[in-house]
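Remarks on the structure that follows.
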Amino acid sequence: MPDDQDLLDTTVRRRDFLRLAGLGTGALLTGAVPASAAAQAAAHLGSSPVNPGRARPSSHVIVIGAGAWGAFTSWQLRKAGSKVTLIDQYGAANSRSTSGDETRGIRSSYGDRTVTPELWTDWARQSIARWTEFDAEHAKRFGTRYFFTTGDVIFREKPESFTTRTQELWTAQGVKFEVLTADEARFRWPQIASEGNGVVLYEPDAGVARARDAVQAAVALGREAGVNIRIGRVTPGPIRNGRMDGITLGDGTRLTADAYVFCCGPWSAKLFPEELRARTQVPIGHVCYFGTPLGNDRFTYPNIPSFNVPGATGWTTLPVDSRGFRVRGSIAPPPPPRVVGSDDDPPPPPPQAAAPEARQQDPDLSSRWSNQDRIDGSRRILQKYFPAMADAPLLETRSCHYEISANRNFIVDHLPGADNAWIAGMGQAEGFKFSIVLGEYIAARVTGTLGDPMIAAAFKFPTTTYDAPPAGTGSRDEDAA
């Protein structure tokens with residue numbers, strides 16, 4: 001764990017980041033601000049006056065949703081002096097939640113971002129520091145660990161815009177990384193079949209966070225600080241004269257507060273269909289956890305890094321709970337051999353993807369079972385890159401919905417027409433990673449600190465909508481499920 005000076009340095013970096021995060025995140029999501037503007041904006045980020053009509057630190061705030069964003073937001077609100085009630089319909093980090101899986105990867109390889117990727121990279125680096133700090137502060141008292149510095153290795157057969165741009169970003173920002181040859185990678189990690197890869201990039205201080213446990217820890221810390229935790233399904237109250245008039249729980253209990261913060265992830269469009277359904281998609285992602293070989297710790301932390309290969313990401317078994325070797329993604333099966341007709345016959349058309357079922361678009365009703373095709377595709381990842389695990393037993397599959405807004409932005413803004421109700425969501429399959437800093441930002445906004453107007457504008461409710469019905473496909477981002 002870091003020593004005292006490391007923690008001091010991290011805290012200073014965190015304070016610097018919190019001054020810049022508003023501008024940085026908004027700029028990267030909108031493309032409106034170049035990276036060089038961040039330093040120029042630092043002087044005035046905290047100078048905006050408190051907004052009239054917002055919740056003050058002494059107010060009562062109800063946070064709906066005890067996922068990663070809601071857990072950290074409620075804790076930060078309570079530390080700021082607000083009375084806080086946190087409500088979740090199933091409980092913190094439950095099996096339906098986006099942050100209910102076992103682990104999430106924390107890395108800064110964002111060369112594939114089309115909008116100001118330099119700011120995604122910087123922001124992710126700050127998140128790595130914050131997760132390290134969180135682990136140092138709280139792991140001992142809870143008797144466990146929440147963040148593991150595994151390192152992350154990227155393999156590609158030849159340079160791609162993703163790898164080239166990632167390397168450029170790391171170089172420009174002074175990020176520690178290594179460019180390896182396939183032979184060097186094989187020497188370090190002989191358990192990875194690295195031959196044939198002309199590009200190998202290694203980020204040594206990337207890591208893996210234990211998602212479900214970290215969310216539950218944040219909820220526990222909030223409870224210890226005085227957050228009132230309740231279980232119940234929330235129905236938003238009517239909006240009268242520009243304000244939400246309470247909420248109602250499933251048992252009929254009506255609750256009122258000075259402000260309401262809806263951190264509901266893929267449930268957001270269910271709670272506010274008129275405002276969000278056309279602006280939100282809720283894909284579902286699947287992962288597999290495979291058992292590592294008996295008596296062999298080569299696939300267990302700290303002996304192998306997390307990985308990014310074409311079609312998949314994943315990481316090592318963490319010995320604190322040994323859930324398994326995680327694979328998200330797959331390799332398609334080879335085409336079947338042609339046994340009829342001549343070489344001049346055209347190949348048969350590919351099968352059409354089935355339209356997603358309505359139930360599979362609903363986070364309450366969707367089946368979270370991974371079918372055999374997904375499992376077989378993940379096993380082909382093992383066969384190609386981790387041959388010693390080609391026949392590894394499948395321990396479990398996990399899946400989750402995540403939400404993507406039409407403008408690919410986070411939302412931290414008032415519900416349209418309600419000055420005392422907030423929407424905080426649209427994690428873009430990256431939400432967990434940044435929840436540890438977003439909780440502070442959301443709490444500051446709710447209690448009246450506008451911060452930089454540019455970030456407030458970037459996180460406003462999207463005006464664009466999707467032209468087509470929500471798709472049922474996932475994202476490559478490992479943050480989702």
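Only one of Ser74, Ser97, Ser82, Ser127 is closer than 30 Å to Gly232 by Cα and within 13 Å of the chain's Cα centre (by Cα). Can you tell me which?
Working: Ser74 fails: within 13 Å of the chain's Cα centre (by Cα); Ser82 fails: within 13 Å of the chain's Cα centre (by Cα); Ser127 fails: closer than 30 Å to Gly232 by Cα.
Going through Ser74, Ser97, Ser82, Ser127 in turn, the sole match is Ser97.
Looking only at strands (runs of 3 or more DSSP E) that lie completely in region 195-283, which have at least 1 residues being hydrophobic (A, V, I, L, M, F, W, C), touching a helix residue (DSSP H, G or I) at 6+ places or on another chain (Cβ under 6 Å) and more than 30 Å from Pro305 (Cα to Cα)? Write out each step before concluding.
Numbers: elements: 199-203, 207-210, 228-231, 234-236, 247-249, 259-262.
Qualifying strands (runs of 3 or more DSSP E): 228-231, 259-262.
Can you find even one residue in region 161-178 that is in a loop (DSSP other than H, G, I, E, B) and of a type in the set (A, V, I, L, M, F, W, C)?
Start the filter on region 161-178 by keeping residues that are in a loop (DSSP other than H, G, I, E, B), which leaves 174-177.
Within this subset, residues satisfying the condition of being of a type in the set (A, V, I, L, M, F, W, C) are 175, 177.
For region 161-178, residues in a loop (DSSP other than H, G, I, E, B) and of a type in the set (A, V, I, L, M, F, W, C): present.
Across region 251-261, what is the total count of residues that are surrounded by 24 or more Cβ atoms within 10 Å (Cβ to Cβ) and within 15 Å of Arg230 (Cβ to Cβ)?
As a first pass, look at region 251-261 and keep what is surrounded by 24 or more Cβ atoms within 10 Å (Cβ to Cβ): 259-261.
Checking the rest, the ones that are also within 15 Å of Arg230 (Cβ to Cβ) come to 260-261.
Number of matching residues: 2.
Kindly indicate which of Arg379, Arg445 is buried (at least 18 other Cβ atoms within 10 Å of the Cβ), of a type in the set (Lys, Arg) and either in contact with a Gly (Cβ under 8 Å, 6 or more places away or on another chain) or in a strand (DSSP E or B) (or both). Working first, answer last.
Working: Arg379 fails: either in contact with a Gly (Cβ under 8 Å, 6 or more places away or on another chain) or in a strand (DSSP E or B) (or both).
It is Arg445.
Please count how many residues of region 268-315 are hydrophobic (A, V, I, L, M, F, W, C) and under 25 Å from Gly207 (Cβ atoms). Outline the logic, then answer.
Step one: of region 268-315, the residues hydrophobic (A, V, I, L, M, F, W, C) are 269, 271-272, 276, 278, 282, 284, 287-288, 290, 294, 299, 304, 307, 309, 312, 315.
Then keep just the ones that are under 25 Å from Gly207 (Cβ atoms); that gives 287-288, 290, 299, 304, 307, 309, 312, 315.
Qualifying residue count, region 268-315: 9.
Quickly run through region 365-374 and pick out the residues that are touching a residue at least 60 places away in the same chain (Cβ under 8 Å) and outside any helix (DSSP H, G or I).
Looking only at region 365-374, we keep the residues that are touching a residue at least 60 places away in the same chain (Cβ under 8 Å), and these are 366, 368, 370, 374.
Listed by number, the residues that qualify are Ser366, Arg368, Ser370.
Any chance region 216-227 includes a residue that's touching a strand residue (DSSP E or B) at 6+ places or on another chain (Cβ under 7 Å), of a type in the set (Gly, Ala, Ser) and modelled with pLDDT of 95 or more?
yes
Based on this model, can you work out whether Asn296 counts as of a type outside the set (Phe, Trp, Tyr), part of a loop (DSSP other than H, G, I, E, B), touching a helix residue (DSSP H, G or I) at 6+ places or on another chain (Cβ under 9 Å) and on the phi < 0 side of the Ramachandran plot? Working first, answer last.
Numbers: of a type outside the set (Phe, Trp, Tyr): yes; part of a loop (DSSP other than H, G, I, E, B): yes; touching a helix residue (DSSP H, G or I) at 6+ places or on another chain (Cβ under 9 Å): yes; on the phi < 0 side of the Ramachandran plot: yes.
Criteria met by Asn296.
Output the residues belonging to region 90-132 that are touching a residue at least 40 places away in the same chain (Cβ under 8 Å), polar (S, T, N, Q), assigned to a loop (DSSP other than H, G, I, E, B) and under 23 Å from Ile154 (Cβ atoms). Reasoning before the result, please.
Initial filter on region 90-132 (touching a residue at least 40 places away in the same chain (Cβ under 8 Å)): 90-93, 95-113, 115-132.
Add one more test, that the residue is polar (S, T, N, Q), and what stays is 95, 97-99, 103, 108-109, 116, 121, 126-127, 132.
Pick out the ones that are also assigned to a loop (DSSP other than H, G, I, E, B) and you get 95, 97-99, 108-109, 116.
Passing the criteria: Ser108, Ser109, Thr116.
How about region 384-421: which of its residues are aromatic (Phe, Trp, Tyr) and either surrounded by fewer than 21 Cβ atoms within 10 Å (Cβ to Cβ) or farther than 27 Å from Arg156 by Cβ (or both)?
Step one: filter region 384-421 for residues aromatic (Phe, Trp, Tyr), giving 385-386, 402, 410.
Within region 384-421, just Phe410 meets the criteria.
Only one residue in Thr473, Thr465 is modelled with pLDDT under 95, assigned to a loop (DSSP other than H, G, I, E, B) and in contact with a Lys or Arg (Cβ under 6 Å, 6 or more places away or on another chain). Which one? Explain how you work it out, then say what you get.
Values: Thr473 fails: in contact with a Lys or Arg (Cβ under 6 Å, 6 or more places away or on another chain).
Answer to the selection: Thr465.
May I ask you to say which residue of Val339, Val327 is among the aliphatic types (A, V, I, L, M) and at pLDDT 95 or above? I'd like the intermediate steps shown before the answer.
Details: Val339 fails: at pLDDT 95 or above.
Testing whether each residue is among the aliphatic types (A, V, I, L, M) and at pLDDT 95 or above leaves just Val327.
Go through region 407-431 and count every residue that is within 20 Å of Ala257 (Cα to Cα) and of a type outside the set (Val, Ile, Thr).
Initial filter on region 407-431 (within 20 Å of Ala257 (Cα to Cα)): 412-424.
Right, trim to of a type outside the set (Val, Ile, Thr) and you get 413-422, 424.
Matching residues across region 407-431 total 11.
Give the residue that is nearest to Asp373 (Cα to Cα), with candidates limited to residues of region 270-307 that are of a type in the set (Gly, Ala, Ser) and modelled with pLDDT under 95. Let's see the steps before the verdict.
Restricting attention to region 270-307, the residues satisfying the condition of being of a type in the set (Gly, Ala, Ser) are 278, 285, 291, 295, 306.
In the following step, the residues that additionally are modelled with pLDDT under 95 were identified as 278, 285, 295.
On the way: Ala278: 30, Gly285: 14, Gly295: 30 Å.
That would be Gly285.
Can you find, within region 266-285, the residue that is farthest from Ser59 (Cα to Cα) among those that are of a type outside the set (Ser, Thr, Tyr) and touching an Asp or Glu at 6+ places or on another chain (Cβ under 6 Å)? Working first, answer last.
To start, the set of residues in region 266-285 that are of a type outside the set (Ser, Thr, Tyr) comprises 266-267, 269-279, 281-285.
Adding the requirement that they be touching an Asp or Glu at 6+ places or on another chain (Cβ under 6 Å) leaves 266, 282.
Details: Pro266: 28, Val282: 33 Å.
Checked region 266-285; the qualifying residue farthest from Ser59 (Cα to Cα) is Val282.
Keeping to region 289-306, report how many residues are surrounded by fewer than 17 Cβ atoms within 10 Å (Cβ to Cβ) and more than 16 Å from Leu395 (Cβ to Cβ).
The number of residues fulfilling the criteria is 5.
Which pairs have Cβ atoms under 6 Å, sit 6 or more apart or on different chains, and link a residue in region 375-398 that is of a type in the set (Gly, Ala, Ser) to one that is in a strand (DSSP E or B) and buried (at least 19 other Cβ atoms within 10 Å of the Cβ)?
Ser378/Cys288; Ser378/Val327; Ala392/Phe290
Do the conditions hold for Ser74, that is, is it at pLDDT 95 or above, of a type in the set (Ser, Thr, Tyr) and assigned to a helix (DSSP H, G or I)?
On the way: at pLDDT 95 or above: yes; of a type in the set (Ser, Thr, Tyr): yes; assigned to a helix (DSSP H, G or I): yes.
Considered against the rule, which asks whether it is at pLDDT 95 or above, of a type in the set (Ser, Thr, Tyr) and assigned to a helix (DSSP H, G or I), Ser74 comes out as yes.
Quick one: would you say Glu102 is more than 26 Å from Ala185 (Cα to Cα) and under 17 Å from the mean Cα position of the chain (by Cα)? Break it down into steps so the answer makes sense when it comes.
Values: more than 26 Å from Ala185 (Cα to Cα): yes; under 17 Å from the mean Cα position of the chain (by Cα): yes.
It is true that Glu102 is more than 26 Å from Ala185 (Cα to Cα) and under 17 Å from the mean Cα position of the chain (by Cα).
The values are calculated or read from the model by the stated rules, or taken from the named source; none is laboratory data. Bear in mind that the values here come from a model prediction, so they are computed numbers and not experimental data. Cβ: placed from backbone, ideal geometry, glycine included. Neighbour counts: every protein chain shown.
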